[in-house]
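Since the structure comes first, as structure tokens, the remarks are kept for the end.
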Amino acid sequence: MTSFSFRPFVIVSALMAPGALIGCASSPTAIAGLRVSQPGPTAASTVRDERQSTSYGLYLAGEAAIDAGSSREAAAYFERASALEPSSEAIRARAFSSALVAGEIERAAAAAGTLGDGGEPIQALGRLTRAVEAMAGGDGKGAVALLSSNQPIVGQHNPAIGLLKPWAQAMAGDWAAATAPRPALANDAVTSGVAELGRAELLERSGNLADAEIAYKARATGKNGLFLLAYGGFLERQSRRPEAIALYTKALTASPGDENIRAARARSQANLAPRPLPTLKEGGAEALIAPAALMLARREGDSGLAYLRLALRLDPSLDEAWVLVGDAMSAAGDKEAAREAYHHVKLGSAQFVAARGRLALQLQQEKDKEGALRIARETLDATPKDPRALVLYADLLRDDERFPEAVQILTRAIDATSESDATWSLYYLRGASEERAGDWPKAEADLKQALKLKPEEPQVLNYLGYAWADRGEHLKEALGMLEKAATLEPKSGAIVDSLGWAHFRIRQYGDAARELERAVLLDPSDPEVNDHLGDAYWRTGRTLEARYQWNRVLTLDADAKTRSAVQVKLMAGLPPENPIGAAPAIAKP
């Protein structure tokens with residue numbers, strides 16, 4: 001289950017791709033993400049110049065720190081290298097970009113002031129960084145001067161500059177410029193929407209309520225939750241609560257599963273305080289979230305991370321940004337920085353469970369199951385009625401093969417959740433846990449309920465269809481469900497494997513081999529898929545190929561039970577069918 005706060009952010013859940021670029025430039029000394037495109041000083045030059053040798057050593061130490069996943073240490077090394085070698089444009093740019101990625105914004109802003117002609121992208125990012133630092137200090141006029149440019153807004157960082165500039169203009173007292181209609185910043189609807197939302201908020205803050213309402217209302221239609229929540233908040237702040245409640249109610253008719261709108265209506269009905277307008281710093285921070293999310297979605301991880309760091313300089317309470325920073329640093333291998341980011345999110349935040357879940361996942365990936373379970377248990381104790389905390393703990397119990405306990409926790413999650421389109425996943429998870437715990441009747445009932453709630457869900461079609469096929473039950477219906485799942489998810493090796501196995505169970509061995517060959521191509525490292533293909537080859541008389549597949553299973557990460565079964569098959573093959581040539585009875589649905 002997912003829940004988001006009511007801040008009008010556009011959040012994209014994406015991880016930073018290691019080595020992504022922070023800004024491309026035509027100059028041969030441009031900085032490209034966490035790597036310089038030109039090598040540092042040569043070994044020969046370090047012999048001739050001790051000062052150069054020292055800076056080069058610090059530069060290499062910075063590179064080593066990055067490789068070791070220590071962004072803050074890397075930033076310190078590059079700053080020292082730049083101080084020793086101020087004439088090196090590459091090292092200066094390196095000091096700037098590494099400080100920015102590490103979240104050292106004051107240091108990055110100072111380094112940005114020394115950048116030479118590194119190309120427009122790095123120059124634009126440097127201006128943006130210095131402007132953010134100026135705004136953080138309340139210097140709106142200084143920020144406007146840095147953000148002003150005669151160049152058209154077409155560069156990589158110019159949409160972010162365009163989104164931030166009106167908030168700087170408002171801070172400088174130029175409300176006419178801050179609230180003027182915005183030129184197009186980019187071709188995507190997200191950036192355009194955030195620009196219009198920022199203008200509506202600034203119009204409201206300037207006291208121009210009539211134009212503010214027009215701006216809010218223009219986009220608060222259909223399923224545009226961003227503007228709908230913003231317009232509802234405007235109505236509440238203007239003491240027009242009945243209109244806000246009516247707006248939320250109408251929106252829930254079209255989107256009954258939208259928890260943000262549901263919570264907004266509940267808050268308004270309870271006569272609680274509406275979300276206040278953002279301050280100028282908070283508005284500037286929110287403006288940077290959209291381009292950050294777009295950069296992350298495009299796998300331009302360092303640029304996305306840079307924007308998140310700048311947003312947090314303006315508003316350190318942006319918990320959504322802290323979670324995304326944690327994701328990005330974790331993907332870059334800086335586990336310490338990731339944990340620090342996640343720990344910024346405190347109990348009471350809408351992102352608390354998400355941040356704690358990331359911490360638990362990190363421990364799980366490090367093979368610390370006990371630590372992951374402890375984090376999940378503590379999170380559940382702190383938020384006992386939050387379905388997300390319940391599912392987090394249940395998932396980790398399932399990973400530890402403690403399926404009966406997982407069933408109990410998932411039952412609590414189902415009981416704590418209102419009936420909606422999303423509850424299918426809870427029945428699915430509980431059904432899968434019950435099946436692994438050996439309680440097939442309850443598992444079958446839950447999987448059927450999940451399928452009833454979401455008939456087109458490939459995961460449920462696959463799990464129930466495979467379970468029936470493997471048990472020799474409802475084989476005809478199972479085959480149809482798996483064909484449907486494979487049509488919905490044609491590139492899923494697991495689903496295509498299930499389809500092939502259903503054919504095998506019906507003794508359609510030629511069809512089984514064909515589908516299982518496709519499954520192996522989709523998921524070549526799965527031991528179960530390779531094992532199934534070996535079985536199908538054996539039944540079609542392709543015994544040499546069967547033994548090759550079974551031998552391959554032993555080279556993969558197969559569990560002890562699978563390895564033992566495969567070793568028996570390698571010695572004796574599959575047992576003869578009984579009776580030979582007879583097809584099994586197909587159970588009726």
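The values are calculated or read from the model by the stated rules, or taken from the named source; none is laboratory data. If you're wondering where the values come from, they're calculated on a predicted model, not measured in any experiment. Positions of Cβ are generated from backbone atoms using ideal geometry, with glycine treated the same way; all protein chains shown enter the neighbour counts. For accessibility, only protein heavy atoms count, side chains too; no ligands or nucleic acids. Shrake-Rupley method; radii C 1.70, N 1.55, O 1.52, S 1.80 Å.
Identify, from the list Leu347, Leu324, the residue that is open to solvent by 60 Å² or more (accessible area, probe 1.4 Å) and more than 30 Å from Ala443 (Cβ to Cβ).
Of Leu347, Leu324, the one residue that is open to solvent by 60 Å² or more (accessible area, probe 1.4 Å) and more than 30 Å from Ala443 (Cβ to Cβ) is Leu347.
Scan the stretch 277-290 and tell me whether some residue there is of a type in the set (A, V, I, L, M, F, W, C), within 30 Å of Ala413 (Cα to Cα) and either at pLDDT below 95 or part of a helix (DSSP H, G or I) (or both).
No, the stretch 277-290 contains no residue that is of a type in the set (A, V, I, L, M, F, W, C), within 30 Å of Ala413 (Cα to Cα) and either at pLDDT below 95 or part of a helix (DSSP H, G or I) (or both).
Of everything in the stretch 173-214, what is under 19 Å from Leu229 (Cβ atoms) and out of contact with any Leu (no Cβ under 9 Å at 6 or more places or on another chain)? Give them in sequence order.
Answer for the stretch 173-214, where residues must be under 19 Å from Leu229 (Cβ atoms) and out of contact with any Leu (no Cβ under 9 Å at 6 or more places or on another chain): Ala189, Glu196, Arg199, Ala200.
Just to be sure, is Glu286 in contact (Cβ under 8 Å) with a residue 24 or more places away in the chain, closer than 24 Å to Trp175 by Cβ and either among the basic types (Lys, Arg) or open to solvent by less than 20 Å² (accessible area, probe 1.4 Å) (or both)?
yes
Condition test on Arg518, is it over 24 Å from Ala432 (Cα atoms) and either in contact (Cβ under 8 Å) with a residue 40 or more places away in the chain or in contact with a strand residue (DSSP E or B) (Cβ under 8 Å, 6 or more places away or on another chain) (or both)?
So Arg518 does not fit the description; no.
Could you tell me whether the stretch 208-227 includes any residue that is surrounded by fewer than 23 Cβ atoms within 10 Å (Cβ to Cβ), at pLDDT 90 or above, within 25 Å of Leu310 (Cβ to Cβ) and among the hydrophobic types (A, V, I, L, M, F, W, C)?
Checking the stretch 208-227: not a single residue is surrounded by fewer than 23 Cβ atoms within 10 Å (Cβ to Cβ), at pLDDT 90 or above, within 25 Å of Leu310 (Cβ to Cβ) and among the hydrophobic types (A, V, I, L, M, F, W, C).
Does the stretch 355-375 hold any residues that are in contact with a Lys or Arg (Cβ under 7 Å, 6 or more places away or on another chain) and hydrophobic (A, V, I, L, M, F, W, C), and which are they?
Listed by number, the residues that qualify are Leu359, Ile375.
Consider Val391 carefully, then state whether it is part of a helix (DSSP H, G or I), touching a residue at least 40 places away in the same chain (Cβ under 8 Å), closer than 30 Å to Ala263 by Cα and not small (Gly, Ala, Ser).
Yes, satisfied.
Exactly one of these conditions fails for Ala558: (1) touching a Pro at 6+ places or on another chain (Cβ under 9 Å); (2) part of a helix (DSSP H, G or I); (3) open to solvent by less than 50 Å² (accessible area, probe 1.4 Å). Give me its number.
(2)
Can you tell me which residue is nearest to Phe504 (Cα to Cα) among those in the stretch 561-571 that are open to solvent by 70 Å² or more (accessible area, probe 1.4 Å) and among the aliphatic types (A, V, I, L, M)?
Checking each candidate, the answer is Val568.
Is there a residue in the stretch 533-547 that is more than 27 Å from Gly438 (Cβ to Cβ), out of contact with any Lys or Arg (no Cβ under 9 Å at 6 or more places or on another chain), in a helix (DSSP H, G or I) and open to solvent by 70 Å² or more (accessible area, probe 1.4 Å)?
yes
What residue, among those in the stretch 116-131 that are assigned to a loop (DSSP other than H, G, I, E, B) and surrounded by fewer than 22 Cβ atoms within 10 Å (Cβ to Cβ), is modelled with the highest pLDDT?
Gly116
Looking at the stretch 454-510, which of its residues are among the small types (Gly, Ala, Ser) and either assigned to a loop (DSSP other than H, G, I, E, B) or surrounded by 24 or more Cβ atoms within 10 Å (Cβ to Cβ) (or both)?
Gly465, Ala469, Gly472, Ala478, Ala485, Ala486, Ser492, Ser498, Gly500, Ala502
Every residue, every condition in (1) at negative phi; (2) in contact with a strand residue (DSSP E or B) (Cβ under 8 Å, 6 or more places away or on another chain); (3) open to solvent by 60 Å² or more (accessible area, probe 1.4 Å); (4) modelled with pLDDT of 95 or more, yes or no:
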| residue | (1), (2), (3), (4) |
| --- | --- |
| Gln351 | yes, no, no, no |
| Glu370 | yes, no, yes, no |
| Arg377 | yes, no, yes, yes |
| Asp386 | yes, no, no, no |
| Val407 | yes, no, no, yes |
| Arg412 | yes, no, yes, no |
| Thr417 | yes, no, no, no |
| Ser425 | yes, no, no, no |
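Could you say which residue among Ala178, Ala186 is modelled with pLDDT of 90 or more and open to solvent by less than 50 Å² (accessible area, probe 1.4 Å)?
On inspection, the qualifying residue turns out to be Ala178.
Give the residues of the stretch 65-102 that are open to solvent by less than 30 Å² (accessible area, probe 1.4 Å) and within 14 Å of Ile122 (Cβ to Cβ), sorted by residue number.
The answer is Ala90, Ile91, Ala93, Arg94, Ala95, Phe96, Ser97, Ser98, Ala99, Leu100, Val101.
Go through the stretch 296-378 and tell me which helices (runs of 4 or more DSSP H), entirely inside it, have 1 or more residues that are over 22 Å from Val391 (Cα atoms) and not hydroxyl-bearing (Ser, Thr, Tyr).
The helices (runs of 4 or more DSSP H) meeting that bar are 301-314, 319-331, 335-343.
Just to be sure before I move on: is Arg35 within 29 Å of Trp322 (Cα to Cα), among the basic types (Lys, Arg) and modelled with pLDDT under 50 in the structure I sent?
Yes: the conditions hold for Arg35.
Test each condition in (1) over 30 Å from Tyr307 (Cα atoms); (2) open to solvent by 60 Å² or more (accessible area, probe 1.4 Å); (3) touching a helix residue (DSSP H, G or I) at 6+ places or on another chain (Cβ under 6 Å) for Asn271 and report the one that comes out false.
(3)
Would you confirm whether or not the stretch 431-439 contains a residue that is at positive phi and over 27 Å from the mean Cα position of the chain (by Cα)?
Checked the stretch 431-439: at least one residue is at positive phi and over 27 Å from the mean Cα position of the chain (by Cα).
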